[in-house]
1. Out of (1) assigned to a loop (DSSP other than H, G, I, E, B); (2) among the small types (G, A, S); (3) at pLDDT below 95, the odd one out for S99 is which?
2. Which pairs do you get when a residue that is modelled with pLDDT under 70, found in segment 70-87, comes within reach of a residue that is outside any helix (DSSP H, G or I), reach meaning Cβ atoms under 6 angstrom, with the pair 6+ apart or on two chains?
3. Taking P61 as the residue in question, decide whether it is in contact with a Cys (Cβ under 7 Å, 6 or more places away or on another chain) and either part of a loop (DSSP other than H, G, I, E, B) or over 17 Å from F116 (Cα atoms) (or both).
4. Just one of V180, V150 is within 20 Å of the chain's Cα centre (by Cα), touching a residue at least 40 places away in the same chain (Cβ under 8 Å), within 28 Å of D22 (Cβ to Cβ) and open to solvent by less than 20 Å² (accessible area, probe 1.4 Å); which is it?
5. Which numbered condition trips up L138, out of (1) assigned to a helix (DSSP H, G or I); (2) under 30 Å from G197 (Cβ atoms); (3) open to solvent by less than 10 Å² (accessible area, probe 1.4 Å); (4) touching an Asp or Glu at 6+ places or on another chain (Cβ under 9 Å)?
6. Can you tell me which condition E237 does not meet? The list is (1) touching a residue at least 12 places away in the same chain (Cβ under 8 Å); (2) more than 28 Å from G49 (Cα to Cα); (3) acidic (D, E), and all the others hold.
7. Suppose the filter is in contact with a strand residue (DSSP E or B) (Cβ under 9 Å, 6 or more places away or on another chain) and within 20 Å of A179 (Cα to Cα); does F141 pass it?
8. Which numbered condition trips up P278, out of (1) under 26 Å from Y19 (Cβ atoms); (2) under 20 Å from the mean Cα position of the chain (by Cα)?
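The values are calculated or read from the model by the stated rules, or taken from the named source; none is laboratory data. This structure is a prediction, so every number in the text was calculated from the model and none was measured. Please note: Cβ atoms are built from the backbone with ideal geometry, for glycine as well, and neighbour counts cover all protein chains shown. Heavy atoms of the whole protein, side chains included, go into the accessibility calculation; ligands, DNA and RNA do not. Shrake-Rupley method; radii C 1.70, N 1.55, O 1.52, S 1.80 Å.
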Amino acid sequence: MEKVYPWGDTRRFHSYSRYFKDMFGTRVQKVTVNAGFTCPNRDGTIGKGGCTFCNNGAFSPSYCTPDKTVRQQIEEGLEFHANRYRKAEKYLAYFQSFSNTHAPLDELKKIYDQAFEVPGVIGIVIGTRPDCIDRQKLDYFARLAEQHYVIIEYGIESCYDRTLQQINRGHDVSTAQRAVRDTAERGIHTGAHFILGLPGETKQMMIDQTAMINDMPLDTVKFHQLQLFKDTAMGEEYFLHPDKFSLFELPEYIAFFTEVLTRLRPGLVIERFAGEAPPRFHIGHRWGLIRNEQLLSMLEKYLEKTDSWQGKYYVE
């Protein structure tokens, strides 16, 4: 008889698909939207140049451009996914590009209200930075969350201030912790994104930060291995000082992420553990044309082989 884990199934980690099945009873699919935002470390609010690793085009679908209205992007996205994911019955509008709360509240209301005008959209996913949120904005999202599914996903990237400074984030770890806490306290679903392999961080540092991640009142978490993209400051740094970088090979990353996973609390939903942008954006090192389903299969086989699971070494 297969072991059933604390999240209620035999899968060895608390999966995003399980999370939505428990919540909505059916498959839910994200539809990406680019609402034309920017970031405070790009537009001069707190700095220029943006994060050193960021090339936003590397993860933006072709139908997703800010010259189209929010409604038009969602409708085109629904059509795209209807052919690809025929089992999806409900959709989330995913505001992914740049910092999607970096605007006055009145402007945010006009943008997000559009999403719920499209039939089939049951909620919104808001990608943003922890320094682009305030009490008034959170109060607005809390009111939306009374009627719809709302999650705010914060790009935190690292739990080390020195790293955040080096990659030109423009905020510190305490800002991220405060934003996550304030969001969760209002009953808004809360997520975070981290990059594994940033320059200057050892494997032990990345494992140690799981304690800080566990302490945050997060519902979901995404991890990505560091990828180096064209037209980025980090890409230029790599060409000048490749010795500063230690990029994961795929089998190495699967084994390393397993170490991370075994230390994460069981209640934390793993939305993504890795990803590969299209080859045209990469410089040098890459894993090749590999789909998320293949990465998941590799992880699950390794977890079974090593008898590992999420939270195996987690201590409250």
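1. Answer for S99: the failing condition is (3).
2. Qualifying pairs under 6 Å: Y85/Q29; K87/R27.
3. So P61 does not fit the description; no.
4. Only one candidate qualifies: V180.
5. Condition not satisfied by L138: (2).
6. (2)
7. Yes.
8. (1)
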